[in-house]
Amino acid sequence: MSMNTLTITDVAPRDGLQNQQVPVSTSAKFQLVQLLHEAGVTSIEATSFVSPKAVPQMADAADLMAEINRHLPHLRASALIPNRKGLERAHAAGAREVAVVLSATQTMNQKNINMDLITATNVCEDTLRAAQALGLRTRAYVAVAFDCPFEGPTNLDTVVALAERMHQAGAEEIVIADTIGSASPGMVKNHFERLASVLPIEKLAAHFHDTRGMATANAWAAIQAGVRRFDASVGGIGGCPFAPGAAGNAATEDLVLMAERSGYTTNISLPGLLKAIDCAEAQLGRTLGGRSIAWLKRQYTTDRAAS
């Protein structure tokens with residue numbers, strides 16, 4: 001991968017929709033995935049094979065994965081899985097890429113998956129190894145990597161140690177997640193410089209939320225530290241249902257605009273992302289968009305009118 005190219009995984013269909021109060025149909029989710037694909041997004045976190053009781057919005061995971069495999073066979077469509085049982089469901093549904101989530105504090109693991117940190121770490125390692133044995137591509141999230149909504153500042157040594165363990169367990173991508181959106185550019189630079197001293201920088205990715213309005217600035221700090229892989233959510237939708245105060249994700253359109261204006265390539269179309277935002281707005285019944293949305297709509301409405 002060129003150092004001037006950023007890879008963006010759009011997490012709107014999973015992380016964006018998981019805690020929305022408005023039920024979204026399988027066909028509408030697939031339409032969102034298809035529009036993101038048409039916009040040039042090559043990696044999408046599509047769904048999660050978690051308990052439907054815990055996250056009702058993801059109850060149709062198998063049906064959505066079947067639609068994606070049928071119509072978009074070359075898309076990198078990942079599925080979040082909590083354990084071996086989730087892996088079995090994902091594999092049976094035809095998932096080719098899976099992701100595990102490990103929180104970096106005791107309390108967040110207890111609130112999220114009802115496990116202590118040691119048990120959760122072991123489960124993630126076991127699940128990653130089992131996924132690789134099945135020939136699946138793997139990702140691992142280290143959540144609340146900057147601050148925990150229950151314990152406050154997260155110990156960076158713990159974050160590094162957990163990231164190393166996920167790497168040793170075979171995770172092909174380790175995503176460092178600012179789950180509640182409390183990070184600042186200085187913190188991001190420090191975290192990724194430490195992580196890059198023990199892990200290959202090309203294996204690291206960043207996942208930011210925009211709670212304090214710094215998601216794009218944090219992404220820029222990560223780029224300066226050498227990171228070239230990012231999560232983002234079109235329209236900025238999302239937020240962890242188990243983390244109080246977690247606002248929406250970094251908006252895909254904001255990251256793409258920032259990258260393009262800074263000499264980086266994403267191969268993602270901004271007008272195409274606007275179509276995906278329109279789709280999501282229609283399903284959720286509310287206005288969406290990142291920090292740049294007003295300018296983007298004026299810019300591309302003007303361009304279309306001029307042509």
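The values are calculated or read from the model by the stated rules, or taken from the named source; none is laboratory data. Note that the structure is a prediction, hence the values are computed from the model and not measured. Note that each Cβ is placed from the backbone with ideal geometry, even for glycine, and that neighbours are counted across all protein chains shown. Quick note on the areas: whole protein, heavy atoms, side chains included, nothing else; ligands and nucleic acids left out. Shrake-Rupley method; radii C 1.70, N 1.55, O 1.52, S 1.80 Å.
With the Cα gyration tensor of region 27-69 giving a ≥ b ≥ c as the square roots of its eigenvalues, does the rule (a/c under 1.5 for rounded; else a/b larger than b/c for prolate; else oblate) give rounded, prolate or oblate? It is prolate, given that a/c is not under 1.5 and a/b is the larger ratio. For the chain, the tally of Lys pairs with Cα-Cα distances below 27 Å comes to 10, considering only residues 8 or more apart or on different chains.
Can you give me the accessible area per residue for region 14-122, using a 1.4 Å probe, in Å²? Averaged over the residues of region 14-122, the accessible area is 42 Å². Close amide H pairs (under 5 Å, H built 1.01 Å from N) link C148 with T154, residues at least 5 positions away or on another chain. Amide hydrogen proximity for T47: with H placed 1.01 Å from N in the peptide plane, the residues at 5 or more positions away or on another chain lying under 5 Å are L80. Here the chain has 50 percent of its accessible surface on carbon and sulfur atoms, given a 1.4 Å probe and all protein chains in place.
How big is the gap, in Å, between the Cα center of region 1-78 and the Cα center of region 108-138? Answer, in whole Å: 21.
The phi-based Karplus calculation (6.51 cos²θ - 1.76 cosθ + 1.60; θ = phi - 60°) puts the 3J(HN,Hα) values of region 278-283 at 4, 4, 5, 4, 5, 6 Hz, whole numbers, x for Gly and Pro.
In the neighborhood of E260, defined by Cβ-to-Cβ distances under 14 Å, what is the net charge if each Lys or Arg adds +1 and each Asp or Glu adds -1? Taking every other residue near E260 into account, the sum is -1. Summary value for region 152-265: 25 percent relative contact order, contacts being C-alpha pairs under 8 angstrom separated by 6+ residues. Sequence-distant contacts, meaning Cα pairs under 8 Å at least 6 residues apart, place the relative contact order of the chain at 20 percent.
Highest mobility in the GNM of the chain, judged by mean-square fluctuation with C-alpha springs under 10 Å and restricted to L255, L17, L117, is found for L117. The candidate values were [x] 20.4; [y] 21.8; [z] 19.0; the one computed from these coordinates for Kirkwood radius over Cα pairs in Å carries the label [z].
For the chain, the 222 nm mean residue ellipticity estimated from helices alone, with every DSSP H stretch of n ≥ 4 adding -39500 (n - 2.57) and the total spread over all residues, rounds to -13500 deg cm²/dmol.
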